[in-house]
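Chemist: Shown below is the structure under consideration.
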Amino acid sequence: MARPSFSLSLILIFPLIFHLALSKTLKRDGCVFVFAVKALNEIKASLGWRVVYAWVGDDPCGDGDHPPWSGVTCSIAGDYRVVTELEVYAVSIVGPFPTAVTNLLDLTRLDLHNNKLTGPIPPQIGRLKRLKILNLRWNKLQDVLPPEIGELKSLTHLYLSFNAFKGEIPRELANLPELRYLYLHENRFSGRIPAELGTLKNLRHLDVGNNHLVGTIRELIRSDGCFPALRNLYLNDNYLTGGVPAQLANLTSLEILHLSHNKMTGIIPVGLAHMPRLTYLYLDHNNFNGRIPDAFYKHPYLKELYIEGNAFKPGVNPIGVHKVLEVSDTDFVV
């Protein structure tokens, strides 16, 4: 994925949002104009939102004499050119999430990651019905997630990790039928992981590690057929209790299972050793006991089995050399 080029000039973000929402490229009717003006006045009155960029010309999509603005991608929709992608990341943007962005109703990608955004995600985020990729990781966003995120029916990638979100993970995320990648790690979420997420037929990657979550895996794996496409499940560094349920072996697409640093107990069911694609299994720093079934050591694909910090019987050995698996956005964003 090509990244936008940045200049060294420092200007307020207000002109960007102003032109995106109000220029001839985007204006469709008077209502959009009125709502945009109100939101933009609020942004203008704030002290944050500075960005290193140079936008030349009056039209963010380009006007013939000037190219499109850096970080802005436009497409043709009937008689209009509309902004479909806004990528303004790693440029130290400061201040609250810009509600005026939610007036860009044709957005399919919104990437504001690695800035210094604060406060909550506004409920108006639900207006972006065409949005496929929302990347807000590595900011300072906080408060609870608005349930309106569940209205983004086209969303495939949701990156909210490395912020300070709190409260429960909203069940409304289960209303996103196209969702494939869900990153919620390194926040302050509490409560139980919604079992409704298991109904997401396309979900491949679920990461809720490094939060304050409680409950058991059995509560998450309630029924046969849940999480049919899941490949990577990160539940590490929470307060999960109970054992590893035998039903977990029904997730036959699973490749990575990360349960480290919880309060889980019991034995490891032999059924997990027959998960055909299991490659990385992290059980360390829990209260598991008993033995590791021999079948794990004969698994054709298992590269790492990490067991340190448990109460396993003597003679139980790890497999491979443990390392932290951190997958970058570019591995998944298309």
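Chemist: Could you tell me whether the range 173-189 includes any residue that is surrounded by fewer than 22 Cβ atoms within 10 Å (Cβ to Cβ) and either without any contact (Cβ under 8 Å) to a residue 24 or more places away in the chain or small (Gly, Ala, Ser) (or both)?
Modeler: Yes, there is a match, as at least one residue in the range 173-189 is surrounded by fewer than 22 Cβ atoms within 10 Å (Cβ to Cβ) and either without any contact (Cβ under 8 Å) to a residue 24 or more places away in the chain or small (Gly, Ala, Ser) (or both).
Chemist: Next question. Can you report the number of residues in the range 76-118 which are polar (S, T, N, Q) and either in a helix (DSSP H, G or I) or open to solvent by 50 Å² or more (accessible area, probe 1.4 Å) (or both)? Give the steps one after another, and end with the answer.
Modeler: Of the range 76-118, the ones polar (S, T, N, Q) are 84, 92, 99, 102-103, 108, 114-115, 118.
From what's left, either in a helix (DSSP H, G or I) or open to solvent by 50 Å² or more (accessible area, probe 1.4 Å) (or both): 92, 99, 102-103, 114, 118.
Residues that pass the stated criteria total 6.
Chemist: Tally the residues that are among the small types (Gly, Ala, Ser) and open to solvent by less than 20 Å² (accessible area, probe 1.4 Å), restricting the search to the range 254-296. Please lay out each step first, then the result.
Modeler: Applying the first criterion (among the small types (Gly, Ala, Ser)) to the range 254-296 yields 260, 266, 271, 273, 290, 295.
Imposing the further condition that a residue be open to solvent by less than 20 Å² (accessible area, probe 1.4 Å) reduces the set to 260, 273, 290.
Number satisfying all stated conditions: 3.
Chemist: Mind checking which residues of the range 190-209 are assigned to a strand (DSSP E or B) and either in contact with a His (Cβ under 8 Å, 6 or more places away or on another chain) or free of Cβ contacts under 8 Å to residues at least 24 places away in the same chain (or both)?
Modeler: Our first condition is that a residue be assigned to a strand (DSSP E or B); within the range 190-209, this holds for 190-192, 205-207.
Result: 190, 207.
Chemist: State whether the residues of the range 165-177 include one that is modelled with pLDDT of 95 or more, under 26 Å from residue 72 (Cα atoms) and within 16 Å of the chain's Cα centre (by Cα). Before the answer, list the steps.
Modeler: Taking the range 165-177 and keeping what is modelled with pLDDT of 95 or more, we get 165-177.
If we keep only those that are under 26 Å from residue 72 (Cα atoms) as well, we get 176.
Those still in the list that are within 16 Å of the chain's Cα centre (by Cα) too: 176.
The answer is yes, given that some residue of the range 165-177 is modelled with pLDDT of 95 or more, under 26 Å from residue 72 (Cα atoms) and within 16 Å of the chain's Cα centre (by Cα).
Chemist: From the set of residues in the range 80-100 that are more than 23 Å from residue 140 (Cα to Cα) and modelled with pLDDT of 75 or more, which is nearest to the chain's Cα centre (by Cα)? Explain how you work it out, then say what you get.
Modeler: Step one: filter the range 80-100 for residues more than 23 Å from residue 140 (Cα to Cα), giving 80-84.
This time we only want the ones that are modelled with pLDDT of 75 or more, so: 81-84.
Values: 81: 29, 82: 25, 83: 22, 84: 20 Å.
Filtering the range 80-100 for residues that are more than 23 Å from residue 140 (Cα to Cα) and modelled with pLDDT of 75 or more, the one nearest to the chain's Cα centre (by Cα) comes out as 84.
Chemist: Name the residue that is least open to solvent (accessible area, probe 1.4 Å), counting only residues in the range 297-321 that are farther than 13 Å from residue 283 by Cα and of a type in the set (A, V, I, L, M, F, W, C). Break it down into steps so the answer makes sense when it comes.
Modeler: Quick first cut of the range 297-321, residues farther than 13 Å from residue 283 by Cα only: 297-303, 313-315, 320-321.
From what is left, the residues that are of a type in the set (A, V, I, L, M, F, W, C) are 302, 321.
Working: 302: 19, 321: 119 Å².
Taking the candidates together, the pick is 302.
Chemist: Of the residues in the range 138-171, how many are more than 17 Å from residue 96 (Cβ to Cβ) and open to solvent by 10 Å² or more (accessible area, probe 1.4 Å)?
Modeler: Final tally of qualifying residues: 10.
The values are calculated or read from the model by the stated rules, or taken from the named source; none is laboratory data. The structure presented is a predicted model; accordingly, all values stated were derived computationally and were not measured. Cβ atoms come from the backbone with ideal geometry, glycine included; neighbour counts cover every protein chain shown. Each accessible area value is taken on the protein alone, full model and side chains, heavy atoms only, with ligands, DNA and RNA left out. Shrake-Rupley method; radii C 1.70, N 1.55, O 1.52, S 1.80 Å.
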